[in-house]
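A short write-up of the structure that comes next.
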Amino acid sequence: MRRELITWSVVAAIVLGAFGLTVLVLNNTVYNASGFVQSYLDTLARKDAAGALEMIGAYDNPDEASDTLLRRSAMSELTDIRLTSDIEVEGGVHKVTFTYSADGTPGRTTFEVKATGLAFGLFPSWEFVTGPLSTMYVTVVGDARFSANGIDLVSPTPNDPAGYLVFTPSSIRLNHDTTYLDAEPVTVAVADAGASVPTALMVKPNALMLERVQEQVDDILDTCATQQVLMPTGCPFGQSMGNRIITSPAWSIVQYPEVSLRAGDRSGDWIVPSTPATAHLVVDVRSLFDGSVSTFDEDVPFSVSYSVAFLPGDELLVTTRF
């Protein structure tokens, strides 16, 4: 009995010692400040959006920024996660710094965390002092549509900043690529928790749009030139006469306006600014003074501007601006 008691006492001591050592190791690794942050970064690396949001907990969103990008399909590829430092500062707050690579771009972020008590009476629990969400304010100029990390979005406030919540850290690639418009892609690195990150995407007409608008402008002017009157209706050119015409006016276009485009007042509308062009008119006239007949055969310079709008099915509508 005595021998068995000693044996069980030794076993119990070993078990308790192992348990205590395990608790000590866990408290210094998994359940310490840097372990908590490491776990959060691991959820980002797994693209576990729900898990990351659970670790972040409640967060303020005073500007009512969209949470559309807080999902798996919009998350960055987070790799090479390495702890740099874990420093305890005033009030038991830890500043924990990690380096990483977000979509191939090196980054560095410092998180502030603090202990909130003990889990199971043994392991400290932690929370972020500043939740690792940031707000990216995107200004899309030229069109409301854009994409962020492959997610198609429509800005509710085109030409003005619109807020989108994003995980910290992350890398967000903004782009626009449609039939007639494109933009130089912009990559936004989000490295500071709780930061406001402004950025802009400049959407511009592509070569195809310029070609299509030029074709429509030329067609509009060609149609105007078929009107056998001095002042073609709804057209940007015409010629007044002080004498009486005795033949039907014959118009032709000598120089078409060279199309360029700038953004209109409303997103998605484009304008061909005032551009010079030249028509030519041939018509016989009789002088009211002496009755002589002559031929008016001259170039008629004019300037013209157009509005360009998008119709369903990627069609363009070009109309003359007067």
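The values are calculated or read from the model by the stated rules, or taken from the named source; none is laboratory data. The model shown is predicted, which means the values in this text are computed figures rather than measured ones. Backbone-built Cβ (ideal geometry, glycine too); neighbour counts: all protein chains shown. Areas reflect the complete protein model, heavy atoms only, side chains present, ligands, DNA and RNA absent. Shrake-Rupley method; radii C 1.70, N 1.55, O 1.52, S 1.80 Å.
Scanning the stretch 17-28 finds no residues that are at pLDDT 95 or above and not in a loop (DSSP other than H, G, I, E, B). A Cβ distance below 7 Å, combined with a sequence gap of six or more or placement on separate chains, defines the contacts here; from the stretch 272-291, residues that are on the phi < 0 side of the Ramachandran plot reach residues that are in a loop (DSSP other than H, G, I, E, B) and open to solvent by less than 30 Å² (accessible area, probe 1.4 Å) in the pairs Val272/Val259; Thr275/Pro257; Pro276/Pro257; Ala277/Pro257; Ala279/Phe237; Leu281/Pro249; Val283/Pro249. Residues that are open to solvent by less than 50 Å² (accessible area, probe 1.4 Å) and touching a Gly at 6+ places or on another chain (Cβ under 7 Å) were ranked within the stretch 218-242; the one that is nearest to Val318 (Cα to Cα) is Pro232. From Val293, Val259, Val229, Val285, grab the single residue that is of a type in the set (Val, Ile, Thr) and under 43 Å from the mean Cα position of the chain (by Cα). Among Val293, Val259, Val229, Val285, only Val259 is of a type in the set (Val, Ile, Thr) and under 43 Å from the mean Cα position of the chain (by Cα).
You will find that of Thr319, Thr278, the residue that is assigned to a strand (DSSP E or B), out of contact with any Cys (no Cβ under 8 Å at 6 or more places or on another chain), open to solvent by less than 80 Å² (accessible area, probe 1.4 Å) and within 30 Å of Val141 (Cα to Cα) is Thr319 and no other.
Whether any residue in the stretch 302-309 is loosely packed, with under 13 Cβ neighbours inside 10 Å, within 27 Å of Val140 (Cβ to Cβ), among the hydroxyl-bearing types (Ser, Thr, Tyr) and touching a strand residue (DSSP E or B) at 6+ places or on another chain (Cβ under 7 Å) is what I want to check. Within the stretch 302-309, not a single residue is loosely packed, with under 13 Cβ neighbours inside 10 Å, within 27 Å of Val140 (Cβ to Cβ), among the hydroxyl-bearing types (Ser, Thr, Tyr) and touching a strand residue (DSSP E or B) at 6+ places or on another chain (Cβ under 7 Å). Inside the stretch 42-63, residues that are at pLDDT 95 or above and part of a loop (DSSP other than H, G, I, E, B) make up a count of 3.
The residue that is farthest from the chain's Cα centre (by Cα), counting only those in the stretch 130-149 that are modelled with pLDDT of 95 or more and not in a strand (DSSP E or B), is Pro132.
Taken over the stretch 64-83, the criterion of being part of a strand (DSSP E or B) and either of a type in the set (A, V, I, L, M, F, W, C) or surrounded by fewer than 14 Cβ atoms within 10 Å (Cβ to Cβ) (or both) is satisfied by Leu78, Thr79, Asp80, Ile81, Arg82, Leu83.
Per this entry, Pro198 is not counted among residues that are within 19 Å of Glu64 (Cα to Cα), out of contact with any Gly (no Cβ under 9 Å at 6 or more places or on another chain) and without any contact (Cβ under 8 Å) to a residue 40 or more places away in the chain.
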